[in-house]
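One structure is given below, encoded as structure tokens.
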Amino acid sequence: MAIEAASPKPRIGISACLLGQEVRYNGGHKRDAALIERLGPSIEWVPVCPEVELGMGTPRPPIRLERRRSGEVRLIMPSSGNDYTDAMRSYAERRVEELAGLDLDGYILKKDSPSCGLRDVEIHQDAGAPSRTGRGLFAEALIARLPDLPVEEEGRLHDPLVLESFLARVFDHLRQRR
Ligand code: SF4
């Protein structure tokens with residue numbers, strides 16, 4: 001699909017590390033050059049890093065999803081044992097409420113992240129290999145509050161058909177919004 005450069009720009013939320021912001025746990029970024037260069041000039045980006053906005057700092061020890069014996073999934077920093085589940089849920093609820101007021105047309109999330117990952121995020125258990133059945137807590141709050149928003153992970157957008165479908169939904173959303 002050709003990007004409609006002459007029309008008003010769609011506004012797309014994005015995991016900040018994908019834009020090149022150095023917000024990852026290791027102080028680095030995960031700039032997706034191919035995607036950003038392809039879309040960049042035609043998009044108004046709204047970057048969000050849930051972990052930094054929560055006050056976890058950069059660099060920081062990594063966090064992950066862990067399943068308790070009760071079956072409950074928690075967001076844990078293994079190096080300290082700190083449990084960020086409640087703090088992240090409450091931050092995410094507030095932040096997606098703000099984002100709901102920004103008239104976003106889409107959202108691109110960083111895959112595999114316990115905060116931003118949309119699908120197949122690792123959930124660690126007492127023993128054995130992690131299962132890839134989780135969803136990041138920020139992503140969970142985002143799609144619960146904005147169920148009609150086009151949302152994709154950056155990895156899947158390297159597939160031209162997925163990208164075309166995502167952009168079609170984004171521009172459709174923009175047309176309806178205007
Ligand atoms: Fe921040 Fe999400 Fe990127 Fe992790 S994946 S660094 S939480 S924006």
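Of all residues in region 56-67, which are away from the ligand (no atom under 12 Å from the Cβ) and open to solvent by 60 Å² or more (accessible area, probe 1.4 Å)?
R67
Once region 137-155 is narrowed to residues that are surrounded by 14 or more Cβ atoms within 10 Å (Cβ to Cβ) and without any contact (Cβ under 8 Å) to a residue 40 or more places away in the chain, the residue that is nearest to D105 (Cα to Cα) is I143.
Across region 93-101, not a single residue is classified as within 21 Å of K30 (Cβ to Cβ), within 15 Å of the ligand (Cβ to nearest atom) and buried (at least 22 other Cβ atoms within 10 Å of the Cβ).
Kindly indicate whether any position in region 68-88 is within 15 Å of the chain's Cα centre (by Cα), open to solvent by 70 Å² or more (accessible area, probe 1.4 Å) and at pLDDT 95 or above.
Checked region 68-88: no residue is within 15 Å of the chain's Cα centre (by Cα), open to solvent by 70 Å² or more (accessible area, probe 1.4 Å) and at pLDDT 95 or above.
Which condition from (1) under 18 Å from the mean Cα position of the chain (by Cα); (2) open to solvent by less than 50 Å² (accessible area, probe 1.4 Å) is the one that V52 breaks? It is condition (2) that V52 fails.
Scanning region 6-55 for residues that are within 22 Å of L149 (Cβ to Cβ), more than 11 Å from the ligand (Cβ to nearest atom), aliphatic (A, V, I, L, M) and in a helix (DSSP H, G or I) yields a total of 3.
Condition check ((1) within 13 Å of the chain's Cα centre (by Cα); (2) modelled with pLDDT under 95; (3) among the hydrophobic types (A, V, I, L, M, F, W, C)) across all residues:
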| site | (1), (2), (3) |
| --- | --- |
| A129 | no, yes, yes |
| R132 | no, no, no |
| A141 | yes, no, yes |
| R145 | no, no, no |
| P150 | yes, no, no |
| E153 | yes, no, no |
| A168 | no, no, yes |
| Q176 | no, yes, no |
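For region 56-110, a tally of residues being among the aliphatic types (A, V, I, L, M), over 25 Å from P130 (Cα atoms) and in a loop (DSSP other than H, G, I, E, B) returns 2.
Does L18 satisfy the criteria of being modelled with pLDDT of 95 or more, closer than 30 Å to H173 by Cβ, under 18 Å from the mean Cα position of the chain (by Cα) and surrounded by 18 or more Cβ atoms within 10 Å (Cβ to Cβ)?
yes
So is R175 part of a helix (DSSP H, G or I), more than 17 Å from P50 (Cα to Cα) and away from the ligand (no atom under 16 Å from the Cβ) or not? In short, yes.
The values are calculated or read from the model by the stated rules, or taken from the named source; none is laboratory data. Since we're looking at a predicted model, the values are computed, not measured. When we count neighbours, we look across all protein chains shown, and the Cβ atoms used for this are built from the backbone with ideal geometry, even at glycine. Just the protein is used for accessible areas: all its heavy atoms, side chains included, with ligands, DNA and RNA removed. Shrake-Rupley method; radii C 1.70, N 1.55, O 1.52, S 1.80 Å.
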